[in-house]
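Reading through the structure tokens given below for one structure.
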């Protein structure tokens, strides 16, 4: 490992993220982050010359159905299933201000 991650490093990152961690959490997260960084170093050390970059290990193809025009629900059917509807629209609580 090029630079050993210390408990103080984790405490500093926690402080910057405004996280309060107990001593046990600092010890646990220090070990976990060391493991993650060690794994990242292992991956970085691999010889990937000639390996094509991919976003997924398998070739994927979107499988979608063909667009078809078909009958949908009427406005009355949809509004009948709504918890509250007024004047042909969904009624929802105000976003700001008064409670419903």
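Each reported figure results from applying straightforward, stated rules to the coordinates on display, with no laboratory input. Please read these numbers as outputs of a predicted model, since none were measured by experiment.
Taking the Cα centroid of region 10-40 and of region 48-72, what is the distance between the two, rounded to the nearest whole Å?
Using only Cα atoms to place each centre, the spacing works out to 37 Å.
On a 0 to 90° scale, report how tilted helix 7-16 is relative to the longest principal axis of the chain, with both axes built from alpha carbons and the result rounded to the nearest 10.
30 degrees
What shape does region 21-75 have by the C-alpha gyration tensor, where a ≥ b ≥ c are the square roots of the eigenvalues, rounded means a/c under 1.5, and otherwise prolate means a/b greater than b/c and oblate the rest?
Numbers: a/c = 8.60, a/b = 1.69, b/c = 5.10.
Cα axes put region 21-75 in the oblate bin.
Helix 23-44 versus the longest principal axis of the chain: what is the Cα-based angle in degrees, 0 to 90, to the nearest 10?
Value to nearest ten degrees: 80.
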